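The block underneath contains the structure these notes are about, expressed in structure tokens.
Each reported figure results from applying straightforward, stated rules to the coordinates on display, with no laboratory input. Quick caveat: nothing in here was measured; it's all calculated off a predicted structure. Don't worry about glycine lacking a Cβ; one is built from the backbone with ideal geometry, like all the others, and counts go over all protein chains shown.
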Ligand code: SF4
């Protein structure tokens, strides 16, 4: 099997911008993985996936895509009894998948673009990634990219990428100040997405 260096989990294209730029700048051979069953509804899941595909062409990196989409897990509160909150479930299932995938595909280490966001629970992401690292026997590459969040968002704007206004799950959409505007951007209205 080909030996590969780093697999970067990407939650979306705008958040992947700076980490990819930084890793490429450090000459770290990086491939990217889109695994985000927490992004709802399906139209939004596909829209963020397409934007990452566009970025992979612009920045010339290999990108892997998973079609795993799980709005029902969120609606059925699947975290209850297993995780302290839905966000902890959300981080853990993603870090578990990326660590397992990286190990299986012969990468030396893994990381995540979630580390660039000042809006995420940074410590919980680290804890989830470290747990996944132990479970699957592959090192977690940590970098605090948060000071460069705005820089990454500006790069995404310059690239003409869609920049979403909610974290991803159905609950975060409901909580967004831009909820009505977001729903209006879904074709055929909200009900067609459920
Ligand atoms: S708010 Fe964000 S991190 Fe939390 S469960 Fe929803 S998508 Fe995941």
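Inter-label distance, residue 4 to residue 58: 2.3 nm, where each label sits 7 Å from its Cα along the C-beta direction.
Approximating the spin labels as points 7 Å out from Cα along Cα→Cβ, the residue 159-to-residue 42 distance works out to 2.7 nm. Once divided by 2.2 N^0.38 Å, the Cα radius of gyration of the chain becomes 0.99. With the simple spin-label model, which puts each label point 7 Å out from Cα in the Cβ direction, the residue 104 to residue 84 separation comes to 3.0 nm. Report summary: the helix-based calculation at 222 nm, which adds -39500 (n - 2.57) for every DSSP H run with n ≥ 4 and divides by the residues of the chain, gives -14500 deg cm²/dmol.
Per-residue packing, averaged as other Cβ atoms within 10 Å, sorts the ranges 76-89, 23-36 into the order 23-36, 76-89, beginning with the highest. Here region 36-141 yields Rg over Rh of 0.96, to two decimals, using C-alpha coordinates and the Kirkwood radius. Peptide packing: for 105-117, 49-61, the average count of neighbouring Cβ atoms within 10 Å per residue gives the ranking 105-117, 49-61, highest mean first.
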